[in-house]
Amino acid sequence: MTVPTHECVTNDRTLAATIAVHAAATMAMVGLIWTVQVVHYPLFESVGAEAYPNYQSRHIDRIGAVLVVPWGLEGLSIVALLVLARERTMRVLAVVGAALMGLILLVTMIWAAPVHGELLDGFDPDQHDTLMVSNLVRTLLWTARGGVAMAMVWVLLDRPTDSVTKTTRAGF
């Protein structure tokens with residue numbers, strides 16, 4: 001039995017704009033997570049016991065304000081790419097990127113965020129070590145996401161420059 005094929009038309013400008021937003025947001029998050037891992041979190045132990053609870057509370061508020069836009073754009077754009085990507089390579093990259101995003105969210109929810117909650121009570125060297133390890137995992141996952149986002153840009157730039165590209169794929 002032959003699987004019917006359907007001609008799918010993807011608007012290159014929409015796809016290109018989505019990839020551009022996605023790559024910019026992802027790379028902003030890669031830069032932010034590396035800065036946090038190498039500079040910011042290691043300095044937590046230098047704050048001092050008396051000032052630490054207030055410092056931790058302010059950190060949570062301020063870092064949230066910094067990451068809400070790029071992380072939000074990153075999430076929305078990967079969902080859009082899962083819908084827009086028609087070429088096999090781009091679809092695979094979108095799925096891999098989404099899977100990495102899912103892992104980042106999982107590590108954040110079950111490991112990193114609870115440690116921040118514990119640190120609101122005061123600095124604890126063991127909790128700080130746990131935070132450093134959990135954030136290292138997130139840093140490596142985000143770095144991989146950055147590689148995937150750059151691969152999407154590479155695939156996009158390597159395509160023909162027609163305003164509309166037609167691809168054929170199996171439909172169900």
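Taking 0.36 nm per residue of sequence separation and removing the Cα-Cα distance, the V153/V137 pair yields an extension gain of 3.3 nm. Computed on the chain, with alpha-carbon pairs under 8 angstrom and 6+ residues apart, the relative contact order is 48 percent. Once the Cα-Cα distance is subtracted from the 0.36 nm per residue extended length, the L43 to V66 segment shows a gain of 6.4 nm.
Can you show me the helix-derived [θ] at 222 nm for the chain, built from DSSP H runs with n ≥ 4 at -39,500 (n - 2.57) apiece and divided by the number of residues, rounded to the nearest 500.
Values: 5 runs with 117 residues, N = 172.
Helices in the chain give a 222 nm mean residue ellipticity of -24000 deg cm²/dmol.
For the pair M109 and A51, what calculated FRET efficiency results from E = 1/(1 + (r/R0)^6), where r is the Cβ-Cβ distance and R0 = 35 Å, to the nearest 0.05? So, using R0 = 35 Å, E works out to roughly 0.80.
Rule-based calculations on the coordinates, nothing more; no lab input. Keep in mind the model is a prediction, meaning the values are calculated, not measured. Because the Cβ atoms are built from the backbone with ideal geometry, glycine has one as well, and the counts that use them run over all protein chains shown.
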